[in-house]
Number of protein chains: 2
Amino acid sequence: MSGGNPAISQTAIRCLEVLQAVSDHGRANSRKGLALKDVVEKTGFNSSTAYRYLQTLEQYGLLQKDASGLYKLGLKVVELYHAFTDGNDLRQVAYEHMLALSKETEETVYLGILDGLEVFYIERVDSPLPIRPHTQIGGRNKLYCTGLGKAILSQRPDLLNRIIDVGLEPLTANTITDPERLIAQLQECQVRGFALDDMENESEVRCVAAPLFNERRQVTAALSISGPASRMPIDRLVDDLGPKVQVTAQHISKMLGYIDA
Amino acid sequence: MSGGNPAISQTAIRCLEVLQAVSDHGRANSRKGLALKDVVEKTGFNSSTAYRYLQTLEQYGLLQKDASGLYKLGLKVVELYHAFTDGNDLRQVAYEHMLALSKETEETVYLGILDGLEVFYIERVDSPLPIRPHTQIGGRNKLYCTGLGKAILSQRPDLLNRIIDVGLEPLTANTITDPERLIAQLQECQVRGFALDDMENESEVRCVAAPLFNERRQVTAALSISGPASRMPIDRLVDDLGPKVQVTAQHISKMLGYIDA
DNA sequence: GCAAGCCGTTTCATTTATTGAAATACGAGT
DNA sequence: ACTCGTATTTCAATAAATGAAACGGCTTGC
């Protein structure tokens, strides 16, 4: 190869591309796994090579063959996930508070963390009600048009310019695309203590979110309550749910070692 | 290298060994991550090599650096886990039943699947009570001395000889090490429909478990209720909890497409 | 019942990326 | 400023990855 970073293993990365292909497939088409030929198609690798990678991943347990001999994600994934959560204070302490908050409000509660210029959804507690949002854990969304994102952004002026430079792409009719308006709203959110998302990321979904502070008073995560617009009139968000997320977020922040000024 | 399977990528496997080292460390010592030198120590790789692997895993998102620059598991792990659960009917279907069962009994409910000659713990719903078992999700246990294992084994005579050949190592004073007794108990379990674990895997923990049947009438998974011996006298297990796990297991089996004879 | 075709698997000479010793850069502690 | 312990980069030697081709098994069609 030519330019690539020399401190990266080509072979290992290609192998992980195979893993990704299988993972992506699971998400999209669910049900059945991928055959060797599918992996060859998706990745463009030579079939011997793809074969070897599949064998390797299977041996390690990241992949396994399903009943029909197709490859799908393996048990090692579960093992790694639980090792991850064991070492992840934030998720640990937040989870029980999220359960309580969801129970109290009967709505879906999300925990998101800052990852680059996006929010990464790290945990969710579902609403008991039949109609509820379906954002994927393990997925990502923009900072400027989600409750979680704006809650984080309101405390992280350092990110604001980068976000605006990249551009505010509208995702729904309500997405804020005017930088001035975004800035104004973030200031409002800073004062009030929680952020609103009025169908800016997905139509029919509204959301309130509050930032989480760690022991160094930094914000890299937020908590939100989210639900169908029909159950979420703006005044319920502002008067009822907003204060509730905020209080819960404060509790969690305290557990994380944040000391109120 | 000399003998190794030629259909396995050495490089990729070595890279995954580094991932494992970081993962293992997280479990054992929690808190902080691993430095390059630690990885070098643990794996014995040359530092340039280990460095390249760490870079590779970090770039892919399986690892990330924590605040102090040490490596820990990254967000890709969460992404993969949720792709895994999306494509995993069993866990999906079982989970809500597990929630209900845990709520009703106020005890911890486990879901385990057969993996080789062990049970792999795939999901858990914790008891609300303060004293509760702590078996790790993503971990493994023996078939012959756990409720889950015996529930599976009672329906899988094909595995029995292999288990006995390997040997019944005692893990507690109560572990059954006599093959005859084990066989007798499995038959009893087959008749009654659920298996008991009377502190055979861990002292102070008792458990009842029932097998889960899939659409092809095979058993590769089981459901259990488990708790401290103090709250779990044998007659509660037999008269109350046992029938409850069994009924729940039957519901789940039905959802999985199992048709009762 | 035979042939053709498709896919997974193995082989092996060629090519390429990996390797590791050593040089270098960095940073904390003194 | 110097030292020590790490992290990072360099580069020639080398071991491992690659891919074309051959093989084998299984299904499909005639």
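Observations on the model:
- The mean number of Cβ atoms from other chains found within 10 Å of a Cβ in peptide B:12-20 is 6, as a whole number.
- Partners for B:K72 among aspartates and glutamates (Cα-Cα distance below 18 Å; same-chain residues under 8 apart left out): A:E79, A:D86, A:D89, A:D115, B:E17, B:D24, B:D38, B:E41, B:E58
- Only helices enter this figure: runs of n ≥ 4 DSSP H residues, each worth -39500 (n - 2.57), summed and divided by the residues of the protein assembly as shown, yield -14000 deg cm²/dmol at 222 nm to the nearest 500.
- At R0 = 35 Å, FRET efficiency that the Cβ-Cβ distance of A:Y51 and B:D158 yields, to 0.05: 0.70
- At 1.002 mPa s and 20 °C, Stokes diffusion of region B:103-182 via Kirkwood alpha-carbon radius, µm² per second: 157 µm²/s
- The residues packed around A:E106, meaning those with a beta-carbon under 10 Å from its beta-carbon, carry a net charge of +1 if Lys and Arg are +1 and Asp and Glu are -1.
- Average beta carbon contacts from partner chains per residue of A:56-62, 10 Å cutoff: 6
- Loop-resident GluC sites (Glu not before Pro) (DSSP state other than H, G, I, E or B) in region B:98-169 with no more than 14 further Cβ atoms inside 10 Å of their Cβ: B:E106.
- Summing charges over all other residues whose Cβ lies under 12 Å from the Cβ of B:A173, with Lys and Arg as +1 and Asp and Glu as -1, gives -4.
- Listed residue (A:L241, A:V219, A:Y121) projecting farthest to the positive dipole end of chain A, Cβ model: A:Y121
- Relative contact order of chain A, pairs being alpha-carbon contacts under 8 Å that are 6 or more residues apart, as %: 14 percent
- The Rg/Rh ratio for region B:176-261, using Cα coordinates for both the radius of gyration and the Kirkwood hydrodynamic radius, is 1.00.
- Converting the Cα gyration tensor eigenvalues of the protein assembly as shown into ellipsoid dimensions via √(5λ) gives semi-axes, longest first, of 40, 31, 22 Å.
- Rounded FRET efficiency, nearest 0.05, which uses the C-beta distance separating B:E58 from A:E58 and R0 of 35 Å: 0.90
- Remark: mean inter-chain Cβ contacts per residue of A:65-78 equal 4, using a 10 Å Cβ-Cβ cutoff to other protein chain atoms.
- Dipole magnitude of the protein assembly as shown, debye to nearest 20 (Cβ charges: Lys/Arg +1, Asp/Glu -1, about Cα centre): 1000 debye
- Compactness of region A:115-261 as Cα Rg over 2.2 N^0.38 Å, two decimals: 0.98
- Gyration tensor over the Cα atoms of region A:10-79: the corresponding equivalent ellipsoid has semi-axes (square roots of 5 times the eigenvalues, largest first) of 17, 14, 11 Å.
- Cβ charges +1 (Lys, Arg) and -1 (Asp, Glu), total dipole of region B:88-255, debye: 340 debye
- Per residue, the convex hull spanned by the Cα atoms of region B:1-145 measures out at 171 cubic angstrom.
- Copy-to-copy label separations for B:E58, where each label sits 7 Å from Cα toward Cβ, in nm and ascending: 3.4
- Listed residue pairs exceeding 30 Å between alpha carbons, taken from A:K76/B:K150; B:K32/B:K244; A:K42/B:K32; A:K76/B:K37; A:K32/B:K37: B:K32/B:K244; A:K42/B:K32; A:K32/B:K37
- Proximal charge balance of B:S9 [Cβ under 11 Å; K/R count +1, D/E count -1]: +3
- Derived from the Cα gyration tensor, the three semi-axes of the equivalent ellipsoid of chain B are 37, 21, 19 Å, largest first.
Every number in this text was worked out from the coordinates using simple rules, so none of it is lab data. Just so it is clear, the model here is predicted, and its values are computed rather than measured. We place every Cβ from the backbone using ideal geometry, glycine too, and count neighbours over all the protein chains shown.
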